[in-house]
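Below: one structure, written as structure tokens.
The values are calculated or read from the model by the stated rules, or taken from the named source; none is laboratory data. All values reported here derive from a predicted model rather than from experimental measurement. Ideal geometry is used to build each Cβ from the backbone, glycine not excepted, and the neighbour counts take in all protein chains shown. Accessible surface areas use protein heavy atoms only, side chains included; no ligands, DNA or RNA. Shrake-Rupley method; radii C 1.70, N 1.55, O 1.52, S 1.80 Å.
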Amino acid sequence: MGKTICVSNRKGGVGKTMTAVSLGVGLAKSGASVLLLDADPQHSLTISLGVREPDKLPVTLTTAMDAILRETPIDPTSGILHHSEGIDFLPANNSLSGTELALASVMVGRETILRQYIDTLKPMYDFVIVDTSPSLGLLTINALTASDCVLIPVIAGYLDAKGLELLLKTISQVQRHFNPNLAIGGILLTMVDKRMNYTREIISLIESAYGSDIHIFRERIPRSVRAAETSAEGKSIFAYDPTGKVAAAYATLTEEVLKIA
């Protein structure tokens, strides 16, 4: 049975999608079978993996979740695409916003719809990685409920550090009400510029505030223009800039994740 990892932060622009793709490809390079799920109506992961017109896709995560909501049978592998770097992924498009609205009208079990779907796929993969939207809505709650652990990318900035509090409170609520086995895999510092004193101060603040209770990954993802270009190319950082510092950082992160998985 595979392990499900949710990549989550309520703030956008912190490197969630970059982390989901890079970790997925890194795990695949290590020999693992990996499925990525795009659980964000903005479908950044889908675009990052080379799908240029997501709204024309006949089957997406919306299809699977809607089938479970309607209690109609579906082939769980339908719509899963294969990427040339060795990972599978189920894309999303704008229709996922409608699914979130539909979840709001469900009286019982609306937090477990995604888990029901993922449970049918976990026997086929070593890892399922869920990329979430920058919100704490029902899709993110579903992703946390479906996951074994959550990985939290955080930019080394004051407001980003303060924003951790609400996410951690939500994770605690999910643990109490829907998924007692959900673990916090760790906080991942992203877009780090080690030359700046301010950055070092914020990292120290995060470590002092959370380090005693939450694992903080030793590897920090450096800021890089090359990394920001990968989504337009439909490639991971490993294919786009294989000798760069960001690829090296995500390779080390993959090793850390494998040790705690």
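Exactly one of these conditions fails for ILE237: (1) crowded, with 19+ Cβ neighbours inside 10 Å; (2) more than 30 Å from GLU111 (Cα to Cα); (3) without any contact (Cβ under 8 Å) to a residue 60 or more places away in the chain; (4) not polar (S, T, N, Q). Give me its number.
(3)
Considering VAL21, VAL34, VAL59, which residue is surrounded by 22 or more Cβ atoms within 10 Å (Cβ to Cβ) and more than 26 Å from GLY157 (Cβ to Cβ)?
VAL34
Which is open to solvent by 30 Å² or more (accessible area, probe 1.4 Å), under 13 Å from the mean Cα position of the chain (by Cα) and charged (D, E, K, R), of ASP131, ASP148?
Of the residues listed, the single one that is open to solvent by 30 Å² or more (accessible area, probe 1.4 Å), under 13 Å from the mean Cα position of the chain (by Cα) and charged (D, E, K, R) is ASP148.
Are any of the residues in segment 221-229 open to solvent by 30 Å² or more (accessible area, probe 1.4 Å) and either of a type in the set (Phe, Trp, Tyr) or touching a residue at least 60 places away in the same chain (Cβ under 8 Å) (or both)?
no
Only residues in segment 124-149 that are over 15 Å from THR99 (Cα atoms) and of a type in the set (S, T, N, Q) count as the first member; pair them with residues that are modelled with pLDDT of 95 or more and not in a helix (DSSP H, G or I), Cβ under 7 angstrom, at least 6 apart or cross-chain, and list the lot.
Here the result reads THR145/PHE178; THR145/ASN179; SER147/THR4; SER147/ILE5; SER147/CYS6; SER147/VAL130; SER147/LEU182, each pair linking segment 124-149 to a residue that is modelled with pLDDT of 95 or more and not in a helix (DSSP H, G or I).
Kindly establish whether THR140 is modelled with pLDDT of 95 or more and either within 18 Å of the chain's Cα centre (by Cα) or under 22 Å from MET18 (Cα atoms) (or both).
yes
Just a yes or no: is a residue in segment 23-45 without any contact (Cβ under 8 Å) to a residue 40 or more places away in the chain and farther than 30 Å from LYS169 by Cα?
yes
Only one of these is buried (at least 24 other Cβ atoms within 10 Å of the Cβ) and either over 29 Å from ASP241 (Cβ atoms) or in contact with a Leu (Cβ under 7 Å, 6 or more places away or on another chain) (or both): ILE74, ILE87, ILE68. Name it.
One residue alone meets the criteria, ILE87.
Return the pair list, or none, for Cβ contacts closer than 8 Å from residues in segment 192-216 that are open to solvent by 40 Å² or more (accessible area, probe 1.4 Å) to residues that are of a type in the set (Phe, Trp, Tyr), at least 6 apart or on different chains.
Pairs found: LEU205/TYR158.
Step by step: first the residues of segment 207-227, then only those that are modelled with pLDDT of 90 or more and among the hydrophobic types (A, V, I, L, M, F, W, C), then the one that is farthest from VAL14 (Cα to Cα). Which residue is that?
The selected residue is ILE214.
Consider LYS169 against the criteria (1) basic (Lys, Arg); (2) over 20 Å from the mean Cα position of the chain (by Cα); (3) over 24 Å from LEU36 (Cα atoms): it satisfies all of them except one. Which criterion is unmet?
Against the list (1) basic (Lys, Arg); (2) over 20 Å from the mean Cα position of the chain (by Cα); (3) over 24 Å from LEU36 (Cα atoms), LYS169 comes up short only on (2).
Using the structure shown, decide if THR254 is on the phi < 0 side of the Ramachandran plot and buried (at least 20 other Cβ atoms within 10 Å of the Cβ).
Yes.
Here is a check on your reading of the model: is ILE80 farther than 22 Å from LEU23 by Cα, at pLDDT 95 or above and β-branched (Val, Ile, Thr)?
No.
Are any residues in segment 1-15 at pLDDT below 95 and open to solvent by less than 30 Å² (accessible area, probe 1.4 Å), and if so, which ones?
Scanning segment 1-15 gives GLY2, ASN9, VAL14, GLY15.
Quick one: ALA156 ticks every box in (1) surrounded by fewer than 20 Cβ atoms within 10 Å (Cβ to Cβ); (2) more than 21 Å from LEU45 (Cα to Cα); (3) not charged (D, E, K, R) except a single one, so which number is it?
Single failed check for ALA156: (1).
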